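Presented below is the structure to which this report refers.
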Protein chains: 2
Amino acid sequence: MDRLIEAIERTGNPSVVGLDPTDAVVPTAIAAGLEREVRDSVEAEELPASLRAVAYLEFCRAIIDAVADVVPAVKPQIAMFEALGPAGLDSYALTCAHARERGLYVIGDVKRGDIGSTATAYARHLTGVPVADPAGTPGGHAAAPEGSGMGRAPSHEGSTDAVEPTHAVDVWGEDAITVNPYLGSDGVTPFVRAAETTDKDLFVLVRTSNPSSAEIQECELADGRPLYERVADLVGEWGSGSIGRHGYSRVGAVVGATQADQGALLRRRMPHAFFLVPGYGAQGGTARDIARMADPRGSGILVNSSRGIIGAWRGSGEERPGMPLDAALDMVARHARRAAIAMREDIRTALKDRGRPSAPGRR
Amino acid sequence: MDRLIEAIERTGNPSVVGLDPTDAVVPTAIAAGLEREVRDSVEAEELPASLRAVAYLEFCRAIIDAVADVVPAVKPQIAMFEALGPAGLDSYALTCAHARERGLYVIGDVKRGDIGSTATAYARHLTGVPVADPAGTPGGHAAAPEGSGMGRAPSHEGSTDAVEPTHAVDVWGEDAITVNPYLGSDGVTPFVRAAETTDKDLFVLVRTSNPSSAEIQECELADGRPLYERVADLVGEWGSGSIGRHGYSRVGAVVGATQADQGALLRRRMPHAFFLVPGYGAQGGTARDIARMADPRGSGILVNSSRGIIGAWRGSGEERPGMPLDAALDMVARHARRAAIAMREDIRTALKDRGRPSAPGRR
């Protein structure tokens with residue numbers, strides 16, 4: 001988690017912009033401006049998905065460029081891209097790559113979780129695709145031919161720095177991902193190992209911000225605890241071997257802003273887990289609520305806002321029929337930047353106010 | 001669930017072949033045989049992912065062709081394809097499409113789960129990508145130009161039957177998907193609605209087959225039940241509005257074969273939930289265990305085997321260095337077919353034996 005924490009310190013801003021493009025939040029003018037180009041390059045049946053995929057990518061790139069010096073991180077939501085089929089996932093990977101080029105820490109909001117070899121496959125989000133055949137392949141495989149991309153390192157190996165970590169191609173471009181804990185340790189430890197070998201991180205869902213999250217997460221256990229506390233304890237165990245120089249492990253926790261009391265308790269229960277906090281703004285969580293989840297130094301939290309930033313243009317009244325592509329992208333970018341700065345100030349103020357006599361019980 | 005149940009009746013076989021390609025299970029000769037072609041069409045850095053993606057697709061197609069008249073369904077595991085980045089997901093979608101062309105019911109093992117608009121985005125696995133702008137788009141959008149793939153139906157609409165359901169393009173090609181319940185109803189009901197509008201289904205993780213599944217799923221609740229029973233009850237609620245002509249709802253349950261006693265109890269607890277049962281064979285679950293999860297008619301279960309079918313070639317000693325591509329595919333196909341038939345007979349026998357006096361307590 002050290003890279004994230006240092007990026008937060010550098011920007012003085014513990015917030016992350018959620019990149020969740022949808023038809024509702026991407027101005028129609030963006031797809032309209034790209035349509036001729038896309039139409040000429042795909043089959044008619046592919047147009048609805050491909051056009052959205054290209055529009056979502058342009059939209060996200062504009063936002064990334066607009067906020068790159070304001071925030072430490074972005075959080076692309078893979079579901080929005082996956083909704084478009086394979087074409088959308090190309091855009092997702094290109095969005096991650098663009099954010100990285102702009103120096104941002106990229107949290108892939110993928111919420112994956114599975115067992116054994118399947119979890120290891122999902123963990124390739126962090127480890128990438130091996131260039132050489134993985135060691136220990138069972139089954140007495142025949143030797144691969146010279147230069148095979150599967151069986152051996154190709155001849156360009158060592159001549160490019162785009163391949164990282166060594167002997168793997170980072171096909172997704174994320175610095176961290178979110179993980180679902182329902183399958184237990186088998187479903188999580190492959191991600192922990194992957195994070196350790198690649199200097200990356202994960203955030204395990206502990207207490208989500210949605211209304212029905214209580215149905216399962218708040219189930220009262222026989223010992224009186226709610227289930228999410230059991231998950232919190234597991235998060236502590238999973239992260240215990242990877243605590244970095246700032247006191248936080250590679251295994252963070254997703255804790256919604258809408259449960260501030262629980263969040264403040266969870267902060268004490270998981271002292272080494274960095275919190276990714278959804279639910280600010282549109283879902284009702286305030287900066288003051290969230291500040292209660294910070295540690296005594298004001299660290300330990302990264303607050304997400306998606307619609308409040310990427311959809312900030314919608315309140316402006318600037319959208320016009322027949323708007324040129326560049327004007328639409330500029331509109332999105334200006335309002336996103338302004339909203340990201342306002343959010344930064346809101347959270348900074350709330351973190352400062354924590355220590356004041358007027359809010360003595362706030363910590 | 002009616003389409004699946006009728007496919008099971010037609011084939012007399014309640015089993016599904018899990019398509020989980022990995023480097024360990026795909027013969028090296030397949031990638032080697034495809035390498036020249038792939039190398040000429042991609043950048044050097046893309047070779048490791050693209051070569052595997054093409055090899056996995058050829059491997060899965062060979063298996064699908066070999067078992068299409070033996071089993072009612074296949075279950076591609078998206079993680080194995082996602083491990084290769086966007087190129088892998090192209091192969092996943094093409095694998096699903098090929099299985100459907102061969103008349104198979106396709107269960108996408110995606111284990112997705114998220115909230116609100118994000119869950120709705122994942123539910124596009126079932127609903128596809130809308131051709132026209134979704135109704136009710138907020139934000140006072142400017143009108144899209146004529147013929148836009150996002151804003152209006154393109155001119156080819158109505159001239160192709162490849163677009164299904166009406167006004168949407170089915171970009172993934174699945175008939176059902178698996179869903180993770182940790183986020184509660186908000187995370188599941190968008191999939192239920194999607195299944196209802198498209199005549200598709202979902203399987204919610206209730207009790208998985210992995211060793212550590214107990215850590216969370218077996219947590220004892222204050223009322224004495226384990227957590228998975230709470231989830232089972234939710235599955236019953238989520239499915240109550242979509243019970244089909246065979247007595248099963250669109251909301252099935254994943255119940256591992258390795259917990260047969262719990263499975264038999266869950267059958268009674270969820271009388272309208274069809275069970276997708278992993279854990280047969282390689283993970284230790286026997287047909288006899290699984291038969292206990294069937295309903296009195298011997299229905300209600302679909303048993304998955306992955307490695308036992310797709311990796312059956314590995315025990316044959318037929319793999320040779322420098323083996324031609326076609327020979328490798330033929331080897332994979334022959335052994336997969338033989339293993340699928342053996343599994344069918346094993347399960348048929350176990351289901352028949354249930355009613356016999358020698359096993360009176362088996363139901």
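Taken together, the values in this text are just the output of simple stated rules run on the coordinates, not laboratory data. This one's a predicted model, so the numbers in the text were calculated from it and none came from an experiment. With ideal geometry, Cβ positions are generated from the backbone for all residues, glycine too; neighbour counts draw on all protein chains shown.
Numerical summary
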quantity	calculated
Lysine pairs with alpha-carbon atoms under 22 Å apart, the protein assembly as shown, spacing 8 or more or separate chains	9
The protein assembly as shown, helix-only ellipticity at 222 nm - DSSP H runs n ≥ 4, -39,500 (n - 2.57), divided by all residues, nearest 500	-13000 deg cm²/dmol
Most positive-pole-ward Cα, B:Leu276, B:Gly263, B:Ala7, against dipole of chain B from beta carbon charges	B:Gly263
Alpha carbon convex hull of the stretch B:9-113, projected area averaged over orientations, nm²	7.2
Kirkwood estimate for chain B, i.e. one over the average of 1/r between Cα atoms, Å	21.6
Gain on full stretching of the segment that runs from A:Glu318 to A:Leu265 - 0.36 nm per residue minus C-alpha separation	14.7 nm
For A:Val206, residues with placed amide H under 5 Å, excluding near neighbours	A:Val254
For B:Arg320, inter-copy label distances in nm, listed shortest first [label point 7 Å out on the Cα-Cβ vector]	7.4
Shortest-first nm distances, B:Asp233 label point to equivalent points in other copies (7 Å, Cα→Cβ)	2.3
Relative packing of A:233-246, A:326-339, which averages over residues the other C-beta atoms within 10 Å, highest first	A:326-339, A:233-246
Relative contact order %, chain A, counting alpha carbon pairs below 8 Å whose residues are six or more apart	19
Cα-centred dipole magnitude for the protein assembly as shown, charges only on beta-carbon of K, R (+1) and D, E (-1), debye, nearest 20	2320
Förster radius 22 Å - calculated FRET efficiency between A:Ala282 and A:Arg338, Cβ distance, rounded to 0.05	0.85
Partner chain coverage, peptide B:35-41 - average Cβ within 10 angstrom	2
Distance from the stretch A:204-229 to the stretch B:167-206 (C-alpha centre basis), Å	23
Span-rule helices in chain A, defined as complete DSSP H runs reaching 27 Å or more along the axis (Cα) with Kyte mean at least -1.0	A:47-67, A:325-353
Per-peptide average of other Cβ atoms within 10 Å, ordering B:303-314, A:313-324 highest first	B:303-314, A:313-324
Listed residues B:Thr189, B:Thr28, B:Thr197, most fluctuating in chain B (Gaussian network, C-alpha, under 10 Å)	B:Thr197
Distance (nanometres) between label positions extended 7 Å along Cα→Cβ at A:Glu101 and A:Asp199	2.2
Surrounding net charge for B:Gly12, when Lys and Arg each add one and Asp and Glu each subtract one, Cβ distance under 15 Å	0
Separation in nanometres of the label points that stand 7 Å from Cα toward Cβ, at B:Ala327 and B:Asp353	3.9
Rg over Rh [alpha-carbon atoms, Kirkwood Rh] for the protein assembly as shown	0.96
Simple Cβ-charge dipole of the stretch A:9-51, Lys/Arg +1 and Asp/Glu -1, about Cα centre, in debye nearest 20	280
Order by protection proxy (mean Cβ within 10 Å, highest first), peptides B:218-225, B:63-70	B:63-70, B:218-225
For B:Glu37, label point 7 Å along C-beta direction: distances to other copies, nm	3.2
Between the stretch A:271-327 and the stretch A:75-100, the Cα center-to-center distance that results, in Å	19
Spin-label pair B:Ala24/A:Asp65, simplified geometry with 7 Å Cα→Cβ offset, distance in nm	4.6
Pairwise FRET efficiency - A:Glu6 versus A:Arg36, Cβ, R0 = 45 Å, nearest 0.05	0.55
Per-residue average of Cβ from other chains inside 10 Å of B:318-330	1
Long-range amide H partners of A:Asp201 with built H, under 5 Å	A:Ala176, A:Ile177
